[in-house]
Amino acid sequence: MTEYLNVGKLVNTQGIKGEVRVISQTDFPDARFAAGNTLYLFMERQPQPIPLVVKSHRLHKNFQLLTFVDHPSINDVEKYKGGTLKVDVADLNDELYEDEFYYHEIIGLKVVDETQRELGEVTEILATGANDVWVVKAPGKKEWYLPYIDDVVKGIDLEKGVVNIEMMEGLLDED
């Protein structure tokens, strides 16, 4: 069975020439949205994904703007609003450096402090430009934000499913 990973949310159209606005959910937007790549659009109440070949990609404000082969008009893409763009895991071929990870590898990891106290689970990753910020949620508590910087994140163990952090003052607001 094919496994897919989210790369973006198709939120709107842009202009009348088939361009769409996508909120990126990927760690490699330039690679994922490169011309010629095949993305798979998942729509609610649609049993099968729709394969779409990227024709063009550009960044505009906080959006990735894409066009697709054989979709030259707003009429061709209007129906895709609200869909989720995914990539086939088999198509991943990025060279990662040491201590680099895919977003899907980080989401779901448990966060523990230097005393091994469990602080929650990474539920989302926000790309801020300077550094990523990880959203952490513990059952029955409000979510909090963990900056992915060397002063805070001390180690990531994918096999154990754990992120080790050094707690900074004010990082976790415990009422």
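The values are calculated or read from the model by the stated rules, or taken from the named source; none is laboratory data. These numbers come from a predicted model, not from an experiment. Counting neighbours? That spans all protein chains shown, and the Cβs are built from the backbone with ideal geometry, glycine included.
For the reader, a short list of remarks on this structure follows.
- Boolean, GLY36 is at positive phi, in the same structural domain as LEU158 (by TED's automatic domain parsing) and surrounded by fewer than 15 Cβ atoms within 10 Å (Cβ to Cβ): no
- Pair list, Cβ < 8 Å and 6+ apart or interchain, from the range 1-19 residues that are in a loop (DSSP other than H, G, I, E, B) to residues that are of a type in the set (Phe, Trp, Tyr) and at pLDDT 95 or above: GLY18/PHE68
- Test: ASN75 is among the polar types (S, T, N, Q), under 30 Å from GLY18 (Cα atoms), free of Cβ contacts under 8 Å to residues at least 12 places away in the same chain and assigned by TED's automatic domain parsing to the domain that holds ALA35: yes
- Enumeration of residues in the range 63-72 that are closer than 16 Å to THR26 by Cβ and either in the same structural domain as LEU126 (by TED's automatic domain parsing) or not hydrophobic (A, V, I, L, M, F, W, C) (or both): GLN64
- Filter result for LYS55 (surrounded by 12 or more Cβ atoms within 10 Å (Cβ to Cβ), within 15 Å of GLU78 (Cβ to Cβ) and of a type in the set (D, E, K, R)): no
- Restricting VAL111, VAL135, VAL152, VAL122 to residues that are over 30 Å from LYS61 (Cβ atoms) and outside the structural domain of GLN25 (by TED's automatic domain parsing) narrows the list to VAL111.
- Taking the conditions (1) at pLDDT 95 or above; (2) exposed (fewer than 14 other Cβ atoms within 10 Å of the Cβ); (3) among the basic types (Lys, Arg) in turn, ARG45 satisfies each one other than (1).
- If the condition is being basic (Lys, Arg) and over 19 Å from the mean Cα position of the chain (by Cα), then the range 127-175 contributes LYS141, LYS142, LYS154, LYS160.
- Within the set ASP76, ASP27, the sole residue that is out of contact with any strand residue (DSSP E or B) (no Cβ under 6 Å at 6 or more places or on another chain) and either at pLDDT below 95 or surrounded by fewer than 12 Cβ atoms within 10 Å (Cβ to Cβ) (or both) turns out to be ASP27.
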